[in-house]
Amino acid sequence: GGLVFFADDGASGEEPWFSDGTAAGTVRLADLTPGSASTLHGPCAAIDAVVLFWADAPGVGRELHATAGTPGTTGLLADLFRGPLGSGSRPAHPSP
């Protein structure tokens, strides 16, 4: 068990992290927006041992990401609307 959260370590901006409640068990899961810039992110939902969240990352825009609490299981789940804007930037109801 553990907790997935977003935090800024002062070097990589605000990114996803996991903690089992100990210092040794607290790790950054990914640097979705490389460098010191933060990844814009939204609500998380847990399904069994997987946490789903949207993140606005360079090149893909706002898309669905997932993690099972390890760096190797963290990343883009699906690029639903290809391009830099992402699926979260599409209008809910296109004009006729």
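Of the chymotrypsin sites (Phe, Trp or Tyr not before Pro) found in the range 5-68, no site is in coil according to DSSP while having at most 15 other Cβ atoms within 10 Å of its Cβ.
Ranking of D48, D31, D8 by solvent-accessible surface, largest first: D48, D8, D31 (1.4 Å probe, protein heavy atoms only, all chains present). Within the shell of other residues whose beta carbon sits under 14 angstrom from the beta carbon of A57, the net charge comes to -4, with Lys and Arg scored +1 and Asp and Glu -1. Based on protein heavy atoms only, the chain ends up with 59 Å² per residue of surface accessible to a 1.4 Å probe. Counted by Cβ distance under 13 Å from D9, the other residues give a net charge of -3, where Lys and Arg count +1 and Asp and Glu count -1. Counting Lys +1, Arg +1, Asp -1, Glu -1, what net charge surrounds D31 among other residues with beta carbon under 13 Å of its beta carbon? Summing Lys and Arg as +1 and Asp and Glu as -1 gives -3.
Projecting label points 7 angstrom from Cα along Cα→Cβ for R28 and D8 puts them 1.3 nm apart. Modelled spin-label separation between L77 and A37, with each label point placed 7 Å from Cα along the Cα-to-Cβ direction: 2.4 nm. Taking all protein chains in place and a 1.4 Å probe, what share, in percent, of the accessible surface of the chain do carbon and sulfur account for? The C+S portion of the solvent-accessible surface of the chain is 61 percent.
The values are calculated or read from the model by the stated rules, or taken from the named source; none is laboratory data. Note that this is a predicted model, so its numbers are computed, not measured. Every residue, glycine as well, gets a Cβ built from its backbone with ideal geometry; the counts of neighbours run over all protein chains shown. Accessible surface areas use protein heavy atoms only, side chains included; no ligands, DNA or RNA. Shrake-Rupley method; radii C 1.70, N 1.55, O 1.52, S 1.80 Å.
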